[in-house]
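Student: First the structure, then my questions, so here it is.
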Amino acid sequence: MSDMKHLSKTPAIHPVHPAEKPGILVKPGAEPVLKATNITKWFGENHVLRGASITVWPGETVCILGRSGSGKSTFLRSMNFLEDPTDGTVEIDGVIVGADPFHKEGSERQERIREVRMRAGMVFQEFNLFPHLSVIENCVEAPIHVKGMARKEAEAIAEKYLAKVGLLEKRDEYPSRLSGGQRQRVAIARALTMQPKVLLFDEPTSALDPTLVGEVLKVMADLAHEGRTMIVVTHEMDFAHEAADRVYYMDKGEFAEVGPPEQVIDAPKDPRTKEFLSRFRTLGAKK
Amino acid sequence: MNMPSTNHQQDQLASAVAVNDRRRESAWRLRFRLVSAVILALILLFIGTYLNVEASFITKVAPFILAGAGLTIAVSLLSIVLATILATFGALGRLSRSATANAVASFYVSFFRGTPLLLQLLFWYLALPQVGIVLEPFVCAVGALGMNYGAYMTEIFRAGLQAVPGGQREAAVALGMSERTAFRRIVAPQAFRIIVPAIGNDFVAMLKDSALASAVTLQEILWRAQNVGRKEFKSLQTLLIAAAVYWVLTILFTAVQNRVEARLAAGDRNKEMKG
């Protein structure tokens, strides 16, 4: 029993990596908006995450790189508890939720998870738009039924963000009539309409036809430059290089290297990062 | 050599192809109807020549048998409503993480699919009175048909709910919806569209299975045909009349079902068109 208690106990102190420093758009003196501490995940016998921590200040964009199976998506999905971590703590905008591996906590924790999710908008690899709802209905569904917002107000906000992603004229269209790139841009507008503190992107361009990747990355870069707080799991090196304040390289469930893109991408120190990036270069050269 | 080169020639070719396609299609439909009519005519001819059909007898008993159609339709409608309600709870139970709900639903499905419908019907009518529960034949029929079909439809509803991709629920809860809201607003409406045609199918099947209620003295179509036929030693005629009534009912409700489905599909298209 005491052993179990020890296991689910998380360190009270959040370790900030020496390379984690507030980015250029962060207001001086601002506190981190997201702190994930010692995130650990076991899938059965499989140790997917080995105590990874991350610190993000408001206004920052950080990218998480790593080969498939490294645990980067699982880590991102732990931020809003789509994956329930085995150990660790997530704090977003002052809401703290710890791991609950033995399912001892009840509905109060579920409510806090909902609070976290309302503060962390997510964009999925497969878009996951609601096919039975029009574009505008996709956007206002959660503000109305989660926040209790008036429809008019929600629609005004949604229209603002649809305009931002360049799809206001598709407001009454159904998702089935949109291209992949348009769907993903609607998904971004849908996340934004909840007015979250942080945006989580889970390989947002990986399911797209190569010709449609650019329009989505453009929207994401615009958001990054206007000071949205974003965590982006991606294979798009150019995007990471151009838009990220910091890049994290994940290997076997832990961050092998953290730093500004010029360092991690252009001059990696860790042999694992070097090996990963050299593969990218080879592929890139063949293109 | 004869390749059409000008736009005009291409237009002519296109319209000639279209005309030819239409002609072939209408010829096919004509042959289809002709063969169907011949089959029906042969059956009627066979009945008319080899069997002793008395027009007077038919005109006498046909209204009596037809009068059972109301009960047949009423039993079927009420049963499908009951079955739909049971199937909704059954499917939720089968997908529930609660061991209790899951066990109850699984047991229900297993038992009612694992025993004959006729036995279940007789159980309501003959066995329940032994423990002091005496029910009208109509109630027995609706209860037995509804519970039996509910068990089958539970599995259909469950499959419909599972056909909605997991990413839909994930996207909903990631926006802060509770599991309940995500189910009600996102998953259930999508599952419903998958399930509706199956409910229509089951209703048409139910129209015919309701004939089993004749075994518990419900005076629906088959009961009437059987009784009047036995009495007059003319079961051949009365059963053929009953068959015709069921057949016509099935054709009518299948047509209704097709229209509803077309309306649903059209609704989707219209919705998609707007904007």
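The values are calculated or read from the model by the stated rules, or taken from the named source; none is laboratory data. This is a predicted model, so every value here is computed, not measured. When we count neighbours, we look across all protein chains shown, and the Cβ atoms used for this are built from the backbone with ideal geometry, even at glycine. Accessible surface is based on the protein model in full, side chains and every heavy atom, while ligands, DNA and RNA are left aside. Shrake-Rupley method; radii C 1.70, N 1.55, O 1.52, S 1.80 Å.
Student: Tally up the residues in the stretch B:162-200 that are outside any helix (DSSP H, G or I) and surrounded by fewer than 19 Cβ atoms within 10 Å (Cβ to Cβ), please.
Tutor: 2
Student: Moving to a separate point now. Restricting to the stretch A:129-178, what's the tally of residues that are among the polar types (S, T, N, Q) and more than 23 Å from the chain's Cα centre (by Cα)?
Tutor: Initially, the stretch A:129-178 is screened for residues among the polar types (S, T, N, Q), giving A:134, A:138, A:176.
This time we only want the ones that are more than 23 Å from the chain's Cα centre (by Cα), so: A:134, A:176.
Here the count works out to 2.
Student: Just one of B:S79, B:S110 is assigned to a helix (DSSP H, G or I), at pLDDT 95 or above and under 17 Å from B:A198 (Cβ atoms); which is it?
Tutor: Numbers: B:S110 fails: under 17 Å from B:A198 (Cβ atoms).
Matching residue, one of B:S79, B:S110: B:S79.
Student: Of everything in the stretch B:165-197, what is small (G, A, S), more than 18 Å from A:G148 (Cα to Cα) and more than 9 Å from every other protein chain (Cβ to nearest Cβ)? Give them in sequence order.
Tutor: Selection gives B:G166, B:A188, B:A191.
Student: Right, here's the next one. Quick check: is even one residue across the stretch B:218-239 within 14 Å of chain A (Cβ to nearest Cβ) and within 25 Å of the chain's Cα centre (by Cα)?
Tutor: no
Student: Could we say that B:G114 is surrounded by fewer than 15 Cβ atoms within 10 Å (Cβ to Cβ) and either under 22 Å from B:R94 (Cα atoms) or small (G, A, S) (or both) here? Step through it out loud before you land on a result.
Tutor: On the way: surrounded by fewer than 15 Cβ atoms within 10 Å (Cβ to Cβ): yes; either under 22 Å from B:R94 (Cα atoms) or small (G, A, S) (or both): yes.
Yes, satisfied.
Student: Just checking, which of B:L212, B:L249 is touching a helix residue (DSSP H, G or I) at 6+ places or on another chain (Cβ under 8 Å) and farther than 23 Å from B:I43 by Cα?
Tutor: Residue meeting the stated conditions: B:L212.
Student: Taking into account only those residues within the stretch B:256-275 that are open to solvent by 50 Å² or more (accessible area, probe 1.4 Å) and more than 14 Å from chain A (Cβ to nearest Cβ), which is modelled with the lowest pLDDT?
Tutor: For the stretch B:256-275, the residue satisfying everything is B:R263.
Student: Let me ask something additional. Are any of the residues in the stretch A:93-112 under 22 Å from A:M230 (Cβ atoms), crowded, with 20+ Cβ neighbours inside 10 Å, in contact (Cβ under 8 Å) with a residue 24 or more places away in the chain and within 19 Å of the chain's Cα centre (by Cα)? Show your work before the answer.
Tutor: Taking the stretch A:93-112 first, the residues under 22 Å from A:M230 (Cβ atoms) are A:93-97.
After this cut, where a residue has to be crowded, with 20+ Cβ neighbours inside 10 Å as well, the list is A:97.
Narrowing further to those that are in contact (Cβ under 8 Å) with a residue 24 or more places away in the chain: none.
No - not one qualifying residue is present in the stretch A:93-112.
Student: Across the stretch B:201-230, which residue is surrounded by the most Cβ atoms within 10 Å (Cβ to Cβ) among those that are in a helix (DSSP H, G or I) and of a type in the set (S, T, Y)?
Tutor: Only one residue fits best here, namely B:S210.
Student: For residues that are among the β-branched types (V, I, T) and over 15 Å from the mean Cα position of the chain (by Cα), scanning just the stretch A:180-215, find the one that is most open to solvent (accessible area, probe 1.4 Å).
Tutor: Filtering the stretch A:180-215 for residues that are among the β-branched types (V, I, T) and over 15 Å from the mean Cα position of the chain (by Cα), the one most open to solvent (accessible area, probe 1.4 Å) comes out as A:T211.
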